[in-house]
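Peer 1: Handing you a structure now.
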Amino acid sequence: MRAVVQHRYGSPDEIGLGELPRPEPAEGEVLVKVRAASLNGSDRENLAGSPFYARLGGLRAPRRPVPGSDVAGVVEAVGSAVTEYAPGDEVFGELLGYRGGLAEYVATPPALLARKPARLSFVDAAAIPQAGCIALKATAGVKDGEKVLVNGAGGAGGAMVIGLAKHFGAEVTAVDRADKADYLRRVGADDAIAFEDEDWADRRGAWDRVVDLVGHRSPFRVQRALRPGGRYLMVGGHARILLAVLVAGPAAGIGSRKRVRVLAVPQSRAELEAVTALVLDGAVAPVIDRVYPLAEAPAAFRRLAAGDNQGKVVVEVA
Ligand SMILES: NC(=O)c1ccc[n+]([C@@H]2O[C@H](COP(=O)([O-])OP(=O)(O)OC[C@H]3O[C@@H](n4cnc5c(N)ncnc54)[C@H](OP(=O)(O)O)[C@@H]3O)[C@@H](O)[C@H]2O)c1
(Lines give C-alpha, C1' and ligand atoms only; values in the text may rest on other atoms or scores of the structure.)
Protein backbone atom coordinates (compact mmCIF):
# COMPACT_ATOMS: atom_id res chain seq x y z
CA MET A 1 0.00 0.00 0.00
CA ARG A 2 1.05 3.65 -0.47
CA ALA A 3 1.90 5.43 2.75
CA VAL A 4 3.60 8.54 4.10
CA VAL A 5 6.78 7.56 5.92
CA GLN A 6 8.79 9.40 8.59
CA HIS A 7 11.95 7.62 9.75
CA ARG A 8 13.47 10.42 11.87
CA TYR A 9 12.43 13.49 13.82
CA GLY A 10 13.21 16.73 12.05
CA SER A 11 11.98 19.01 9.28
CA PRO A 12 9.38 18.20 6.59
CA ASP A 13 12.32 16.85 4.54
CA GLU A 14 12.00 13.72 6.73
CA ILE A 15 8.56 13.06 5.20
CA GLY A 16 8.39 10.92 2.08
CA LEU A 17 6.11 8.52 0.24
CA GLY A 18 6.72 4.80 0.34
CA GLU A 19 5.27 1.34 -0.26
CA LEU A 20 4.55 -0.67 2.88
CA PRO A 21 2.80 -4.00 3.42
CA ARG A 22 -0.92 -3.64 4.09
CA PRO A 23 -1.48 -4.11 7.85
CA GLU A 24 -3.37 -7.18 9.00
CA PRO A 25 -5.95 -6.41 11.70
CA ALA A 26 -5.18 -8.24 14.96
CA GLU A 27 -7.97 -10.09 16.77
CA GLY A 28 -9.25 -6.91 18.43
CA GLU A 29 -8.59 -4.46 15.58
CA VAL A 30 -10.41 -2.93 12.66
CA LEU A 31 -8.73 -2.43 9.28
CA VAL A 32 -9.82 0.91 7.82
CA LYS A 33 -9.42 1.90 4.18
CA VAL A 34 -8.52 5.53 4.72
CA ARG A 35 -10.33 8.13 2.61
CA ALA A 36 -9.01 11.29 4.29
CA ALA A 37 -6.67 12.20 7.13
CA SER A 38 -6.26 15.66 8.66
CA LEU A 39 -3.18 17.18 10.26
CA ASN A 40 -2.95 18.82 13.68
CA GLY A 41 -0.37 20.75 15.64
CA SER A 42 0.43 17.36 17.22
CA ASP A 43 1.55 16.05 13.78
CA ARG A 44 3.87 19.05 13.53
CA GLU A 45 5.22 18.21 17.01
CA ASN A 46 5.52 14.49 16.17
CA LEU A 47 7.49 15.40 13.06
CA ALA A 48 9.87 17.66 14.99
CA GLY A 49 10.06 15.34 18.03
CA SER A 50 9.45 18.36 20.24
CA PRO A 51 8.17 19.13 22.93
CA PHE A 52 9.36 16.03 24.80
CA TYR A 53 5.89 14.45 24.92
CA ALA A 54 6.05 14.16 21.11
CA ARG A 55 8.74 11.46 21.69
CA LEU A 56 6.51 9.22 23.79
CA GLY A 57 6.12 7.17 20.60
CA GLY A 58 9.90 6.64 20.31
CA LEU A 59 12.81 8.45 21.92
CA ARG A 60 15.28 8.54 19.01
CA ALA A 61 12.89 7.91 16.11
CA PRO A 62 9.15 7.26 15.82
CA ARG A 63 8.43 3.56 16.47
CA ARG A 64 5.48 3.80 14.09
CA PRO A 65 6.86 5.39 10.93
CA VAL A 66 3.52 6.36 9.34
CA PRO A 67 2.21 9.67 10.74
CA GLY A 68 -1.40 10.83 10.83
CA SER A 69 -3.93 10.49 13.63
CA ASP A 70 -7.25 12.04 12.51
CA VAL A 71 -8.82 9.74 9.92
CA ALA A 72 -12.06 8.98 8.12
CA GLY A 73 -12.61 5.93 5.97
CA VAL A 74 -14.42 2.66 5.39
CA VAL A 75 -14.01 -0.56 7.36
CA GLU A 76 -12.26 -3.08 5.10
CA ALA A 77 -11.96 -6.01 7.52
CA VAL A 78 -12.33 -6.75 11.24
CA GLY A 79 -10.42 -9.01 13.63
CA SER A 80 -12.20 -12.08 15.01
CA ALA A 81 -13.01 -10.41 18.36
CA VAL A 82 -14.59 -7.27 16.86
CA THR A 83 -18.36 -7.25 16.89
CA GLU A 84 -19.27 -3.57 16.69
CA TYR A 85 -18.12 -2.86 13.12
CA ALA A 86 -18.38 -4.74 9.84
CA PRO A 87 -16.81 -4.28 6.41
CA GLY A 88 -18.40 -1.36 4.59
CA ASP A 89 -19.11 0.75 7.70
CA GLU A 90 -18.04 4.38 7.35
CA VAL A 91 -16.01 5.46 10.39
CA PHE A 92 -13.82 8.28 11.68
CA GLY A 93 -11.71 8.98 14.74
CA GLU A 94 -8.44 10.03 16.28
CA LEU A 95 -5.61 7.47 16.43
CA LEU A 96 -3.21 9.63 18.46
CA GLY A 97 -0.53 7.33 19.85
CA TYR A 98 -1.29 4.76 17.14
CA ARG A 99 -0.57 7.04 14.17
CA GLY A 100 -0.64 5.38 10.75
CA GLY A 101 -3.50 7.45 9.29
CA LEU A 102 -1.56 8.78 6.29
CA ALA A 103 -1.71 5.51 4.39
CA GLU A 104 -4.18 3.62 2.25
CA TYR A 105 -4.99 1.33 5.19
CA VAL A 106 -4.64 1.55 8.95
CA ALA A 107 -5.37 -1.06 11.63
CA THR A 108 -6.72 0.31 14.90
CA PRO A 109 -8.75 -0.62 17.98
CA PRO A 110 -12.47 -0.06 17.35
CA ALA A 111 -12.80 2.04 20.54
CA LEU A 112 -10.97 4.89 18.80
CA LEU A 113 -13.57 5.03 16.03
CA ALA A 114 -17.13 6.27 15.70
CA ARG A 115 -19.61 5.82 12.86
CA LYS A 116 -19.37 8.61 10.31
CA PRO A 117 -22.74 10.27 9.72
CA ALA A 118 -23.74 9.95 6.04
CA ARG A 119 -24.25 13.73 5.79
CA LEU A 120 -20.58 14.39 6.55
CA SER A 121 -18.01 14.16 3.79
CA PHE A 122 -14.86 12.12 4.52
CA VAL A 123 -12.81 15.35 4.39
CA ASP A 124 -15.00 17.12 6.97
CA ALA A 125 -15.18 14.02 9.15
CA ALA A 126 -11.38 13.69 9.16
CA ALA A 127 -11.10 17.33 10.25
CA ILE A 128 -13.25 16.91 13.36
CA PRO A 129 -11.80 14.40 15.87
CA GLN A 130 -8.89 16.11 17.68
CA ALA A 131 -9.93 19.73 17.11
CA GLY A 132 -13.57 18.99 17.91
CA CYS A 133 -12.89 17.07 21.13
CA ILE A 134 -10.49 19.77 22.34
CA ALA A 135 -13.09 22.44 21.55
CA LEU A 136 -15.90 20.56 23.30
CA LYS A 137 -13.89 20.07 26.48
CA ALA A 138 -12.32 23.54 26.45
CA THR A 139 -15.68 25.28 26.16
CA ALA A 140 -17.65 23.08 28.58
CA GLY A 141 -19.56 25.34 30.97
CA VAL A 142 -19.00 28.58 29.01
CA LYS A 143 -21.85 30.95 29.82
CA ASP A 144 -23.58 33.62 27.82
CA GLY A 145 -21.62 36.89 27.81
CA GLU A 146 -18.38 35.43 29.18
CA LYS A 147 -15.13 36.78 27.82
CA VAL A 148 -13.15 33.91 26.32
CA LEU A 149 -9.62 34.24 24.94
CA VAL A 150 -8.22 31.58 22.59
CA ASN A 151 -4.43 31.74 22.34
CA GLY A 152 -2.86 30.16 19.24
CA ALA A 153 -6.25 30.22 17.53
CA GLY A 154 -5.09 30.37 13.92
CA GLY A 155 -3.82 26.78 13.52
CA ALA A 156 -5.56 23.44 13.27
CA GLY A 157 -7.64 23.47 16.43
CA GLY A 158 -8.48 27.09 17.19
CA ALA A 159 -11.40 27.63 14.81
CA MET A 160 -13.57 25.01 16.48
CA VAL A 161 -12.82 26.47 19.93
CA ILE A 162 -13.85 29.91 18.65
CA GLY A 163 -16.95 28.45 17.00
CA LEU A 164 -18.17 26.55 20.05
CA ALA A 165 -17.42 29.42 22.45
CA LYS A 166 -19.50 31.70 20.20
CA HIS A 167 -22.26 29.07 20.08
CA PHE A 168 -22.39 29.11 23.90
CA GLY A 169 -22.75 32.91 23.85
CA ALA A 170 -19.22 34.04 24.71
CA GLU A 171 -17.48 37.15 23.52
CA VAL A 172 -14.36 35.70 21.90
CA THR A 173 -10.91 37.22 21.45
CA ALA A 174 -8.46 35.20 19.35
CA VAL A 175 -4.67 35.51 19.44
CA ASP A 176 -2.23 34.51 16.69
CA ARG A 177 0.09 36.02 14.08
CA ALA A 178 -0.94 39.44 12.73
CA ASP A 179 -1.47 38.01 9.24
CA LYS A 180 -4.12 35.62 10.58
CA ALA A 181 -6.30 38.36 12.16
CA ASP A 182 -8.75 38.60 9.23
CA TYR A 183 -9.10 34.81 9.19
CA LEU A 184 -9.80 34.73 12.94
CA ARG A 185 -12.60 37.28 12.55
CA ARG A 186 -13.96 35.38 9.56
CA VAL A 187 -14.31 32.19 11.62
CA GLY A 188 -16.21 34.06 14.33
CA ALA A 189 -13.83 35.86 16.72
CA ASP A 190 -15.18 39.22 17.92
CA ASP A 191 -11.66 40.57 18.27
CA ALA A 192 -8.16 39.47 17.29
CA ILE A 193 -4.86 40.20 19.00
CA ALA A 194 -1.57 39.89 17.08
CA PHE A 195 0.91 38.32 19.49
CA GLU A 196 3.75 40.32 17.87
CA ASP A 197 1.98 43.56 18.89
CA GLU A 198 0.40 42.85 22.25
CA ASP A 199 0.70 40.38 25.13
CA TRP A 200 -2.87 39.39 26.09
CA ALA A 201 -1.67 38.52 29.60
CA ASP A 202 -0.93 42.22 30.19
CA ARG A 203 -4.70 42.80 30.35
CA ARG A 204 -5.21 42.14 34.06
CA GLY A 205 -8.52 40.69 35.25
CA ALA A 206 -9.80 40.58 31.68
CA TRP A 207 -10.84 37.01 30.85
CA ASP A 208 -13.41 34.56 32.24
CA ARG A 209 -11.65 31.76 30.38
CA VAL A 210 -8.38 31.41 28.52
CA VAL A 211 -7.94 28.40 26.24
CA ASP A 212 -4.23 28.20 25.52
CA LEU A 213 -3.11 26.03 22.60
CA VAL A 214 0.49 27.33 22.76
CA GLY A 215 1.10 27.98 26.48
CA HIS A 216 4.40 29.60 27.35
CA ARG A 217 3.60 31.86 30.32
CA SER A 218 3.95 31.03 34.00
CA PRO A 219 0.81 29.97 35.90
CA PHE A 220 1.08 33.05 38.13
CA ARG A 221 1.21 35.39 35.16
CA VAL A 222 -1.84 33.89 33.45
CA GLN A 223 -3.72 33.86 36.77
CA ARG A 224 -3.46 37.66 36.96
CA ALA A 225 -5.10 37.99 33.53
CA LEU A 226 -8.24 36.13 34.73
CA ARG A 227 -11.39 37.68 36.13
CA PRO A 228 -12.47 36.49 39.61
CA GLY A 229 -13.81 32.94 39.15
CA GLY A 230 -12.05 32.67 35.80
CA ARG A 231 -10.17 29.64 34.48
CA TYR A 232 -7.06 29.11 32.43
CA LEU A 233 -6.92 25.86 30.45
CA MET A 234 -3.58 24.88 28.94
CA VAL A 235 -4.11 22.52 26.01
CA GLY A 236 -0.63 22.56 24.45
CA GLY A 237 2.62 24.47 24.45
CA HIS A 238 6.07 24.41 25.99
CA ALA A 239 6.92 21.28 28.00
CA ARG A 240 8.46 23.33 30.83
CA ILE A 241 5.27 25.39 31.15
CA LEU A 242 3.12 22.27 30.99
CA LEU A 243 4.98 20.92 34.03
CA ALA A 244 4.78 24.31 35.78
CA VAL A 245 1.01 24.50 35.26
CA LEU A 246 0.56 20.90 36.43
CA VAL A 247 2.61 21.46 39.58
CA ALA A 248 1.99 25.12 40.46
CA GLY A 249 -1.34 25.77 38.71
CA PRO A 250 -3.49 24.85 41.74
CA ALA A 251 -1.36 27.10 44.00
CA ALA A 252 -1.67 29.99 41.54
CA GLY A 253 -5.44 29.93 42.04
CA ILE A 254 -5.48 29.74 45.84
CA GLY A 255 -7.45 32.55 47.46
CA SER A 256 -8.59 34.03 44.16
CA ARG A 257 -11.38 31.68 43.03
CA LYS A 258 -9.40 31.31 39.81
CA ARG A 259 -8.37 27.96 38.32
CA VAL A 260 -5.18 27.40 36.39
CA ARG A 261 -4.78 23.90 34.99
CA VAL A 262 -3.81 21.62 32.13
CA LEU A 263 -6.77 20.39 30.10
CA ALA A 264 -6.35 16.70 29.28
CA VAL A 265 -8.42 15.58 26.31
CA PRO A 266 -8.33 11.78 26.16
CA GLN A 267 -9.73 10.10 23.05
CA SER A 268 -13.41 9.47 23.63
CA ARG A 269 -16.04 8.16 21.28
CA ALA A 270 -18.79 9.78 23.36
CA GLU A 271 -17.19 13.22 23.05
CA LEU A 272 -16.50 12.75 19.34
CA GLU A 273 -20.17 11.87 18.84
CA ALA A 274 -21.26 14.85 20.95
CA VAL A 275 -19.22 17.40 19.01
CA THR A 276 -20.22 15.82 15.70
CA ALA A 277 -23.88 16.23 16.70
CA LEU A 278 -23.17 19.95 17.20
CA VAL A 279 -21.58 20.07 13.73
CA LEU A 280 -24.64 18.40 12.21
CA ASP A 281 -26.89 20.91 14.03
CA GLY A 282 -24.91 23.78 12.49
CA ALA A 283 -23.60 25.02 15.85
CA VAL A 284 -19.96 24.75 14.74
CA ALA A 285 -18.08 23.67 11.63
CA PRO A 286 -14.64 22.27 10.89
CA VAL A 287 -12.60 24.85 8.97
CA ILE A 288 -10.65 23.37 6.06
CA ASP A 289 -7.54 25.24 4.99
CA ARG A 290 -6.49 23.08 2.04
CA VAL A 291 -6.93 19.53 0.74
CA TYR A 292 -3.92 17.69 -0.73
CA PRO A 293 -3.80 14.34 -2.53
CA LEU A 294 -1.71 11.64 -0.81
CA ALA A 295 1.08 12.09 -3.36
CA GLU A 296 1.48 15.69 -2.13
CA ALA A 297 1.51 14.87 1.60
CA PRO A 298 5.09 16.23 1.97
CA ALA A 299 3.77 19.62 0.76
CA ALA A 300 0.94 19.39 3.32
CA PHE A 301 3.55 18.92 6.08
CA ARG A 302 5.61 21.84 4.76
CA ARG A 303 2.52 24.08 4.95
CA LEU A 304 1.84 22.89 8.51
CA ALA A 305 5.47 23.26 9.61
CA ALA A 306 5.64 26.81 8.23
CA GLY A 307 2.48 27.67 10.15
CA ASP A 308 0.82 28.94 6.96
CA ASN A 309 -2.37 26.91 7.47
CA GLN A 310 -5.50 28.69 8.63
CA GLY A 311 -7.56 25.79 9.96
CA LYS A 312 -7.18 22.18 8.97
CA VAL A 313 -4.89 20.74 6.33
CA VAL A 314 -6.45 17.54 5.00
CA VAL A 315 -4.86 14.78 2.92
CA GLU A 316 -7.26 12.86 0.68
CA VAL A 317 -6.00 9.32 0.51
CA ALA A 318 -8.42 7.70 -1.91
N1 LIG B 1 -4.29 18.52 26.14
C2 LIG B 1 -4.52 17.48 25.36
O3 LIG B 1 -5.04 16.45 25.79
C4 LIG B 1 -4.18 17.59 23.90
C5 LIG B 1 -4.71 16.67 22.98
C6 LIG B 1 -4.35 16.81 21.65
C7 LIG B 1 -3.51 17.85 21.24
N8 LIG B 1 -3.01 18.71 22.16
C9 LIG B 1 -2.13 19.83 21.84
O10 LIG B 1 -2.88 20.90 21.35
C11 LIG B 1 -1.94 21.81 20.77
C12 LIG B 1 -2.45 22.50 19.62
O13 LIG B 1 -3.23 22.67 18.81
P14 LIG B 1 -3.32 23.01 17.24
O15 LIG B 1 -3.47 21.71 16.53
O16 LIG B 1 -4.36 24.02 17.06
O17 LIG B 1 -1.85 23.64 16.95
P18 LIG B 1 -1.30 24.42 15.72
O19 LIG B 1 -2.00 24.00 14.46
O20 LIG B 1 0.17 24.27 15.78
O21 LIG B 1 -1.70 25.94 15.99
C22 LIG B 1 -1.07 26.77 16.89
C23 LIG B 1 -1.16 28.20 16.41
O24 LIG B 1 -0.56 29.07 17.40
C25 LIG B 1 0.27 30.00 16.74
N26 LIG B 1 1.30 30.53 17.62
C27 LIG B 1 2.62 30.23 17.68
N28 LIG B 1 3.22 30.94 18.65
C29 LIG B 1 2.26 31.70 19.22
C30 LIG B 1 2.28 32.66 20.27
N31 LIG B 1 3.40 32.98 20.92
N32 LIG B 1 1.13 33.24 20.61
C33 LIG B 1 -0.03 32.96 19.94
N34 LIG B 1 -0.10 32.07 18.92
C35 LIG B 1 1.04 31.45 18.56
C36 LIG B 1 0.83 29.19 15.58
O37 LIG B 1 1.40 30.06 14.61
P38 LIG B 1 2.65 29.52 13.77
O39 LIG B 1 2.12 28.38 13.01
O40 LIG B 1 3.06 30.66 12.94
O41 LIG B 1 3.71 29.07 14.75
C42 LIG B 1 -0.43 28.46 15.10
O43 LIG B 1 -1.21 29.28 14.26
C44 LIG B 1 -0.71 20.98 20.40
O45 LIG B 1 0.35 21.42 21.24
C46 LIG B 1 -1.11 19.55 20.77
O47 LIG B 1 -0.06 18.76 21.26
C48 LIG B 1 -3.35 18.60 23.48
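Peer 1: Roughly speaking, what is the centre-to-centre gap between the stretch 129-155 and the stretch 252-315 when only Cα atoms are used, to the nearest Å?
Peer 2: For the stretch 129-155 versus the stretch 252-315, the Cα centre distance is 10 Å.
Peer 1: Gaussian network model of the chain, Cα springs within a sub-10 Å range: biggest mean-square fluctuation belongs to which of Ala178, Ala297, Ala114?
Peer 2: With Cα springs under 10 Å in the chain, the top fluctuation among Ala178, Ala297, Ala114 is at Ala178.
Peer 1: Under the rule a/c < 1.5 gives rounded, and otherwise a/b versus b/c splits prolate from oblate, where does the stretch 278-318 land using the Cα gyration tensor?
Peer 2: Verdict is oblate for the stretch 278-318.
Peer 1: If you place +1 on the Cβ of every Lys and Arg and -1 on the Cβ of every Asp and Glu, how big does the dipole about the Cα centre of the stretch 139-262 come out, in debye to the nearest 20?
Peer 2: Its charge dipole is roughly 640 debye.
Peer 1: Which distance in nm do the two modelled labels at Met1 and Asp13 give, with both placed 7 Å along the Cα-to-Cβ direction?
Peer 2: Each label point lies 7 Å from its Cα, and together they span 3.0 nm.
Peer 1: In nm, give the distance between the simple-model label positions of Ala264 and Ala111, each being 7 Å from the Cα along the Cα-to-Cβ direction.
Peer 2: According to this spin-label approximation, the distance is 1.4 nm.
Peer 1: Also: Excluding same-chain residues fewer than 8 positions from Lys258, which aspartates and glutamates have a Cα within less than 14 Å of its Cα?
Peer 2: Those aspartates and glutamates meeting the cut-off are Asp208.
Peer 1: Net charge near Val210, counting Lys/Arg +1 and Asp/Glu -1 over other residues with Cβ under 10 Å of its Cβ?
Peer 2: +2
Peer 1: Of the residues Pro51, Pro286, Pro21, which exhibits the maximal mean-square fluctuation in a Gaussian network model of the chain defined by a 10 Å Cα contact cut-off?
Peer 2: Pro21
Peer 1: Might you work out the accessible area of Ile254 for me, using a 1.4 Å probe with all protein chains in place, and round it to the nearest 10 Å²?
Peer 2: For Ile254, the solvent-accessible surface is approximately 130 Å².
Peer 1: In what sequence, highest mean first, do 184-196, 77-89 appear when ranked by Cβ atoms within 10 angstrom?
Peer 2: Result, highest mean Cβ count within 10 Å first: 184-196, 77-89.
Peer 1: Averaging sequence separations of C-alpha pairs under 8 Å and six or more residues apart, then dividing by the length of the chain, give the relative contact order as a whole percent.
Peer 2: Rounded, it is 19 percent for the chain.
Peer 1: Still on this structure: Please give, to one decimal in nm, the separation of the simple spin-label points placed at Leu280 and Ala306, each 7 Å out from Cα toward the Cβ.
Peer 2: So the label points at Leu280 and Ala306 sit 3.8 nm apart.
Peer 1: Next question, about the same structure. Which residues in the stretch 47-90 place their backbone N less than 15 Å from a point set 7 Å from the Cα of Glu24 along the Cα-to-Cβ direction?
Peer 2: Label zone hits: 77-81.
Peer 1: With a ≥ b ≥ c taken as the square roots of the eigenvalues of the C-alpha gyration tensor of the stretch 1-157, please select rounded if a/c is under 1.5 and otherwise prolate if a/b is larger than b/c or oblate if it is not?
Peer 2: oblate
Peer 1: If I stretch the segment between Ala194 and Arg240 completely, what's the gain in nm (0.36 nm per residue apart, minus their alpha carbon distance), one decimal?
Peer 2: 14.2 nm
Peer 1: Along the positive direction of the dipole of the chain (beta-carbon charges: Lys, Arg +1; Asp, Glu -1; about the Cα centre), which of Ile128, Ser218, Ser42 reaches farthest?
Peer 2: Value: Ser218.
Peer 1: Right, something else. For the stretch 178-287, what does the alpha-carbon gyration tensor say about shape, rounded, prolate or oblate, given a ≥ b ≥ c as the root eigenvalues, a/c under 1.5 as rounded, and a/b over b/c as prolate?
Peer 2: Here the stretch 178-287 falls in the oblate category.
Peer 1: Kindly flag which residue pairs out of Lys143/Lys180; Lys33/Lys312; Lys147/Lys312; Lys33/Lys166 have an alpha-carbon separation exceeding 31 Å in this structure.
Peer 2: Distance filter (> 31 Å) returns Lys33/Lys166.
The values are calculated or read from the model by the stated rules, or taken from the named source; none is laboratory data. Bear in mind that the values here come from a model prediction, so they are computed numbers and not experimental data. A quick note on method: Cβ atoms are made from the backbone with ideal geometry, for glycine too, and the neighbour counts reach across all protein chains shown. When the accessible area is computed, the model is the full protein with side chains, heavy atoms only, and any ligands, DNA or RNA have been set aside. Shrake-Rupley method; radii C 1.70, N 1.55, O 1.52, S 1.80 Å.
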